[in-house]
Amino acid sequence: MKKGEMTTTEQDQHKKAVINAYRRLMRAVRHRSKAERAIIRRAFEFARDAHEGTRRKSGEPYILHPLAVAQILAIEMGLDDPTTIVCALLHDVVEDTHYELIDIKREFGVVASNIIDGLTKISVTELGDKMDSTQAENFRKIFLTISDDIRVILIKLADRLHNMRTLGAMRQEKVLKIASETIYLYAPLAHRLGLYSIKSELEDLSFKYSEPVIYEDISRKMAATEAEARQYIEKFTRSIRQVLRQSGLKFKVKSRFKSVYSVWQKMERKGLPFEEIYDLFAVRIILETRPGHERDDCWRVYSIISGLYRPNPKRLRDWITVPKENGYEALHTTLLGPDGRWVEVQIRTERMDYVAEKGIAAHWKYKENGERYDEMLTEWIGRVRDILENPRLNALDAINEFRENLAPNDVYVFTPKGELIRLPNGSTVIDFAYKIHTGVGDTAIGAKVNNQVVTLDHELRPGDQVEVLTSKKQKPQQAWLRFAKSVRAKEAIKSALRKQKREIIEQGRRLFQWKARQYGVDEDHPYMKELLAYFMLPSLDEFFYALGSHRIDTSKITEFIKLKKEGKQIDSEYISEWEKRRRFFEERLEEFGVNPDMLVLGDEQDFGDYVLAKCCDPLPGDDILGFNEKDRIVIHRTSCPRAISLMSSFGSRIVKARWAADHPDVAFL
């Protein structure tokens, strides 16, 4: 037998595996019409023939992968409409076989063709270990498909989940690459779309492959405590079941254990060992209730059980009155159970539970109850499109902003008149001010939060009542970008700063014209190139800005012009150095929007590749340091938590950095 050939037994096993997988899929869609099931069967046969003879890294027939993706969508996501299942079965056909989109369109229609087109673009441009601007631009285009047909992203999430479940057959470097992509974008995206179980599994699988020792250690400890935890849950819920039955309510009580990754996150966040993490599980009460009585019944359950066990009032969360942006609805409370242990309890109706488990897919099942969910989702998709299509954001910034907007845990605050305002979690007074109106944000000097005067960087809490204080003399400040959280506030601040800079440039231009006109010099004069070199500035705009902001004294311009009138020339080496700086400035400004003239690295000026860290947004005047990442230097504020971690772990890769002076001395010949 030739190497790579299968035995007859292996061939039979593979055929049986394919038949069984197909049957499982068809059982999941058996409630569909005969015509719809026929379309799904035809898509399966089309994909099976297209992938004939192709095997995965594990050696199994490739068709098992699209079948598994279709099953995840139909069974785990509850998304079993024929178009979605057809596209799941065909999602790799155009990329991996000789078939083209025109074939898909002819056989299965234009909608399926468009979805497959979106999926093919995603597959071609996966995120690498380090996202560069080209890759980020590809991802910007990819995620715009969310607003065209969100099924593209749902199928991609199912595809990614199955790939993560079967990652063991890959090379180690490929495993780490896929795991890092998953934890960075796909898990947060699943969370944002309300797919909590899929989000948790993606996180756990990524963690398992990226930190196998820590993962196995926590998994082992959780398994060792599970039996005792289940005994405690039974003890805790026994009384709850009894009082709820006596109240005539129909309900189910479930429990869930935290994922390994979420336990590790809490250990890291709190600085605690596993043995001091006590909330490893939560109890869920799911009610059968009539339409129109959901809210009242949930609060009734809360009232009953809080009479049984003492609640922690600081841990009550009402996501029924104001649902999360991804549609999640529930009451969360924490009760003091037997033996003095705090236990989280989640109270939901059956509909709320289905939405919590299936996320966005539940929208199609609960159309009549999903209007508010649909409205919030549409609003979020609109924000995503605004971010990704914003011409002022380079690709890297756009993807980072998109990732920030994946977090569904918004904070809800109130105006003095009682109007509800929704903001991203972690928002500050400045975000609230810009949410009210750009003019309010531009002139904000502080706020009254619950009648207490606070600064603009004060972080808002759920339920805060906020009144913005303004002054006509106030102008937006660069420092505001450090604590602004929302895209709206950041863009408004940047826009105002750009306007301020243009005004300063015009002031500088008028000042130059007034001063230089006395010597017959204007901005088109041959002297201007040497003038820029004299001040070591890369462009006329930067020169006028320095002049308008009084970083350059007009006497220096007079001094330069007089030296030129006397026939003096700037040293050629100095001119060459300025040319080098100017080219570097233009390249960096085009790619990252960073002015490379601002920094001195090491003991002398270093024109190497560097970027400003997004985690702390260092600004001129901040104490800073550089961290050598092989191909570039990343600049952090010295007070940045990330910088502190780097200094403690990688001290040899720290580079001294400081902000450059206005300009160096110039050598004239």
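Table for the structure above
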quantity	calculated
Residue count for the stretch 510-545, restricted to those that are in a loop (DSSP other than H, G, I, E, B), within 15 Å of K564 (Cα to Cα) and of a type in the set (G, A, S)	1
3 or more residues surrounded by 15 or more Cβ atoms within 10 Å (Cβ to Cβ), on the phi < 0 side of the Ramachandran plot and modelled with pLDDT of 90 or more: qualifying strands (runs of 3 or more DSSP E) within the stretch 376-473	444-449, 466-470
Candidate set from the stretch 319-361 (those that are out of contact with any helix residue (DSSP H, G or I) (no Cβ under 8 Å at 6 or more places or on another chain) and modelled with pLDDT under 85); member that is farthest from T84 (Cα to Cα)	V322
Selection from the stretch 145-200 of residues that are under 23 Å from E60 (Cα atoms) and either part of a loop (DSSP other than H, G, I, E, B) or acidic (D, E) (or both)	D159, T166, M170, R171, E173
Residue list for the stretch 231-257, filter: assigned to a strand (DSSP E or B) and among the polar types (S, T, N, Q)	S255
Number of positions in the stretch 88-115 that are of a type in the set (G, A, S) and touching a Lys or Arg at 6+ places or on another chain (Cβ under 8 Å)	2
Set Y527, Y519, Y534: member being more than 30 Å from G418 (Cα to Cα), touching a residue at least 60 places away in the same chain (Cβ under 8 Å) and more than 42 Å from the chain's Cα centre (by Cα)	Y534
Some residue of the stretch 452-465 being more than 30 Å from the chain's Cα centre (by Cα) and either hydrophobic (A, V, I, L, M, F, W, C) or closer than 30 Å to S555 by Cα (or both)	yes
Cross-chain or 6+ apart pairs with Cβ under 6 Å, the stretch 542-555 first and under 16 Å from K529 (Cα atoms) and surrounded by 20 or more Cβ atoms within 10 Å (Cβ to Cβ), then among the basic types (K, R) and at pLDDT 85 or above	F544/R509
A28 being more than 35 Å from the chain's Cα centre (by Cα) and under 22 Å from R160 (Cβ atoms)	no
Some residue of the stretch 585-600 being under 25 Å from I505 (Cβ atoms), in contact with a Leu (Cβ under 8 Å, 6 or more places away or on another chain) and at pLDDT 65 or above	no
Enumeration of residues in the stretch 556-576 that are within 20 Å of D522 (Cβ to Cβ), surrounded by fewer than 19 Cβ atoms within 10 Å (Cβ to Cβ) and under 50 Å from the mean Cα position of the chain (by Cα)	K556
Pairs where the first residue, in the stretch 212-239, is touching a residue at least 60 places away in the same chain (Cβ under 8 Å) and the second is part of a helix (DSSP H, G or I), C-beta under 8 Å, 6+ apart	Y232/P338; Y232/D339; K235/P338; F236/P338; S239/L308
Any hit, the stretch 492-509, residues being more than 27 Å from L540 (Cβ to Cβ), touching a helix residue (DSSP H, G or I) at 6+ places or on another chain (Cβ under 8 Å) and part of a strand (DSSP E or B)	no
Spans of helices (runs of 4 or more DSSP H) in the stretch 1-109 with at least 2 residues modelled with pLDDT under 90	8-28, 93-96
Condition met for I142 (modelled with pLDDT under 90, out of contact with any Leu (no Cβ under 9 Å at 6 or more places or on another chain) and in a helix (DSSP H, G or I))	yes
Matching residues, the stretch 245-257, being out of contact with any Phe, Trp or Tyr (no Cβ under 7 Å at 6 or more places or on another chain) and surrounded by 11 or more Cβ atoms within 10 Å (Cβ to Cβ)	R245, S247, L249, K250, F251, K252, V253, K254
Selection from the stretch 302-328 of residues that are more than 21 Å from R245 (Cα to Cα), surrounded by 18 or more Cβ atoms within 10 Å (Cβ to Cβ) and out of contact with any Asp or Glu (no Cβ under 8 Å at 6 or more places or on another chain)	D318, N326, G327, Y328
Pair list, Cβ < 6 Å and 6+ apart or interchain, from the stretch 483-498 residues that are more than 8 Å from D431 (Cβ to Cβ) to residues that are part of a helix (DSSP H, G or I)	V487/I387; V487/E401; A492/Y434; A492/T438; A492/G441; I493/W480; I493/L481; A496/D442
Selection from the stretch 484-540 of residues that are modelled with pLDDT under 80 and among the basic types (K, R)	K529
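A quick yes/no check of all residues on (1) aliphatic (A, V, I, L, M); (2) at pLDDT 85 or above:
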| site | (1), (2) |
| --- | --- |
| I146 | yes, no |
| Q172 | no, no |
| L176 | yes, no |
| A179 | yes, no |
| L189 | yes, no |
| L205 | yes, yes |
| V213 | yes, yes |
| E216 | no, yes |
| T225 | no, yes |
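The values are calculated or read from the model by the stated rules, or taken from the named source; none is laboratory data. Keep in mind the model is a prediction, meaning the values are calculated, not measured. Reconstructed Cβ throughout: ideal geometry from the backbone, glycine too, with neighbour counts over all protein chains shown.
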